[in-house]
Amino acid sequence: MGCGKSTLGSLLAQQFDLPFFDIDAEIELKEGCSISQIFAEKGELRFRRIEQQILDELPGGPHIVACGGGLPCFEDNLLRMKQKGLVVYLEVPLSILYARIQNELDRPLLKDWPAFEQLFLAREACYGGADVIINANMQPPELLRELQQSLDF
């Protein structure tokens, strides 16, 4: 949450004329309601199943995908992601992530600092399984250049 996946993914897709998919946006479109509503009305497990289904339904071919922060950590989704392509973790210090999103009320798993810290620490080991880890504590233009260099675009 808050590392810039959607912003960077969109910029990267534009630069290389590739399709861009934001899994959270795809879920909201498919379900006709917000992520927060899905959590409130159907629960986290149902949300994770929908998220996994969207991942499985992504078309073949080269494209850029931004996923929700919990997607790679649910069941075997990290493996599913790696089977579809290269998985990049945009690493940002925890305190900076929290500062970026602390005023967003539509984050269903964000209640306060201790909850955020616990969630991040629980997911961190999973994130470390990405194919590429990039220090993403920079502005989007610099981050885009860093990503291009790391991925040899």
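If I filter the stretch 116-135 down to residues being more than 21 Å from E146 (Cβ to Cβ), hydrophobic (A, V, I, L, M, F, W, C) and surrounded by fewer than 17 Cβ atoms within 10 Å (Cβ to Cβ), which single residue comes out as nearest to the chain's Cα centre (by Cα)?
Looking at residues that are more than 21 Å from E146 (Cβ to Cβ), hydrophobic (A, V, I, L, M, F, W, C) and surrounded by fewer than 17 Cβ atoms within 10 Å (Cβ to Cβ), I get F120.
Filter the stretch 85-140 for residues that are charged (D, E, K, R), modelled with pLDDT of 90 or more and touching a helix residue (DSSP H, G or I) at 6+ places or on another chain (Cβ under 8 Å); which is nearest to T7 (Cα to Cα)?
Filtering the stretch 85-140 for residues that are charged (D, E, K, R), modelled with pLDDT of 90 or more and touching a helix residue (DSSP H, G or I) at 6+ places or on another chain (Cβ under 8 Å), the one nearest to T7 (Cα to Cα) comes out as E91.
Can you name every one of the helices (runs of 4 or more DSSP H) wholly within the stretch 47-153 that holds 1 or more residues which are under 18 Å from L18 (Cβ atoms)?
Answer list for the stretch 47-153: 77-84, 140-151.
Residue-wise test of (1) within 23 Å of F120 (Cα to Cα); (2) surrounded by 15 or more Cβ atoms within 10 Å (Cβ to Cβ); (3) in contact (Cβ under 8 Å) with a residue 24 or more places away in the chain.
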site	(1), (2), (3)
L12	no, yes, yes
L29	no, no, no
I35	yes, yes, yes
P62	no, no, yes
V65	yes, yes, yes
G70	yes, yes, yes
F74	yes, yes, yes
Q83	no, no, no
L90	yes, yes, yes
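Need the failing condition index for C33 against (1) more than 16 Å from the chain's Cα centre (by Cα); (2) more than 23 Å from L144 (Cβ to Cβ); (3) modelled with pLDDT under 95, just the number.
So C33 meets the others, but not (3).
Which one of the conditions (1) assigned to a helix (DSSP H, G or I); (2) more than 23 Å from M138 (Cα to Cα); (3) touching a strand residue (DSSP E or B) at 6+ places or on another chain (Cβ under 6 Å) does L18 fail to meet, given that it meets all the rest?
The failed condition is (1).
I'm told I50 meets every condition in (1) closer than 27 Å to Q139 by Cβ; (2) more than 12 Å from the chain's Cα centre (by Cα); (3) among the β-branched types (V, I, T); (4) surrounded by 17 or more Cβ atoms within 10 Å (Cβ to Cβ) except one. Can you identify the failing condition by its number?
For I50, the failing item is (1).
The values are calculated or read from the model by the stated rules, or taken from the named source; none is laboratory data. What you see is a predicted model; the values in this text were computed from it and never measured. Ideal geometry is used to build each Cβ from the backbone, glycine not excepted, and the neighbour counts take in all protein chains shown.
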